[in-house]
Amino acid sequence: MSTMDFASRLRSRWPLETLIARAGVAIGLFAFVVALPPFRADRPWVPVLVGMIAVAAGVWVLSRGLRRPGWTAVGFGIGLGMLATRANQGNLNQVVVWSALLSATLVWATPLTFAAIGGMFSERSGVVNIGLEGMMLSGAFFAALGADKFGHWWMGLVTAAVAGGTLAAIHAFMAIQLRADQIVSGTAINFLALGVTGYFFIDIYGENGTPGNLPRIPDVNVGFLGSVFGHLNLMIWISFALLILAHITLFRTPIGLRIRSVGEHPRAADTVGISVYGTRYAAVILSGMLAALGGAYLSIGYLGSFSENMTAGRGFIALAAVIFGNWRPFGAFAAALLFGGSTALSFRLAQPWGNASVLFQALPYVLTLIAVAGVIGRSVPPASAGRPYVKQ
């Protein structure tokens, strides 16, 4: 293929305005990166100059009538360029410790990865799973309960998967069999999980909370991989394997073809003998089990305890990761890394800024709003997602 053919194909897929808008966003990010190690630009005009280039790209896109991507590039150029000029070297050295930041990114991205891949399977089959938040929360509680009562962390994982699968089965029954509104059904699952876990937590553990010696998911120590990858929790490594397995299953196996066909055109799938109801039930229950494992990592993998509503909206962030990742495993993982990195950064920013750091804790949720609003581009969901199927 010649260079001109490649350029024409690239332009047919992404118009020039879109490419420049995305380049402007990237340059805006770089305006802040130049103040970080290893660049450490100590002259304030450097990030300002880079930010002005991003602003110029945004203004050009605005002149072409594309308001949303244009204003995004302008916002990144002005906001991050100005932020870089306000950051002093001492605060940067305290906040930006790459090994700690990358390790924390993987920690906070892992529960999102499990839930996002679960949500991807559900939506690929045609069922929107708003209940990921409740399934994560139930997984977190029942993992702690199972590990405490049975004395083994792996029993906590089994208990969590059963709890998440049960809630998912309830959601599937209402959405598939009763053809209820899937948004309402998922919201009801979230409230049900919040009430059930809160009640049993108080009833079983009272004011003292979960015991401090809960069996915890072990770390895998591989020293030669360095400080970031050498001491990761077992669930993080499982999430890496899950990514590959999910991609192969969805795009390289007959099972994945059935799931995608049911989500795109259930009538055609039913015509060739594929069980639409059975496939959707299996996909939704699998999504609940995976989301619950993400919650289990929070309680018995990372924190070693459970507290009421400890997922704090991470199920919704995982749902945004599914959309942001265009309903693909590696895309969802990249989005989970973005949200996990913003969470890690918000905690790092708490050290030099004190009480004002509370504002930074909203950073992952702001990014979620941006992803759902579709600032970077509009994702195309499966054609039948959210539409009940009536067998004839």
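The values are calculated or read from the model by the stated rules, or taken from the named source; none is laboratory data. Values in this document were obtained by computation on a predicted structure and should not be read as measured data. All Cβ positions, even for glycine, are placed from backbone atoms using ideal geometry, and neighbour counts span all protein chains on display. What goes into the accessible areas is simple: the full protein's heavy atoms, side chains included, and nothing from ligands, DNA or RNA. Shrake-Rupley method; radii C 1.70, N 1.55, O 1.52, S 1.80 Å.
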Open item on the list: So, taking all protein chains as they sit and a 1.4 Å probe, how much accessible area belongs to Phe333, in Å² rounded to tens?
Closed with: 40 Å²
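Could you sort Trp327, Trp153 by their accessible area in this structure, using a 1.4 Å probe and putting the largest first?
If we order Trp327, Trp153 from most to least accessible, we get Trp153, Trp327.
Would you mind working out the magnitude of the charge dipole of the range 117-210 relative to its Cα centre, with +1 at each Lys and Arg C-beta and -1 at each Asp and Glu C-beta, to the nearest 20 Debye?
Dipole size: approximately 260 debye.
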Task: Shape of the range 180-327, Cα gyration tensor, a/c cut at 1.5 - done: oblate
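Send over a whole-number figure in Å² for the accessible area per residue of the range 211-349, probe 1.4 Å.
Values: 5890 Å² over 139 residues.
So the range 211-349 comes to 42 Å² accessible per residue, rounded to a whole number.
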Task: FRET efficiency, 1/(1 + (r/R0)^6) with R0 25 Å, evaluated for Ala312 and Leu245 via beta carbons - done: 0.35
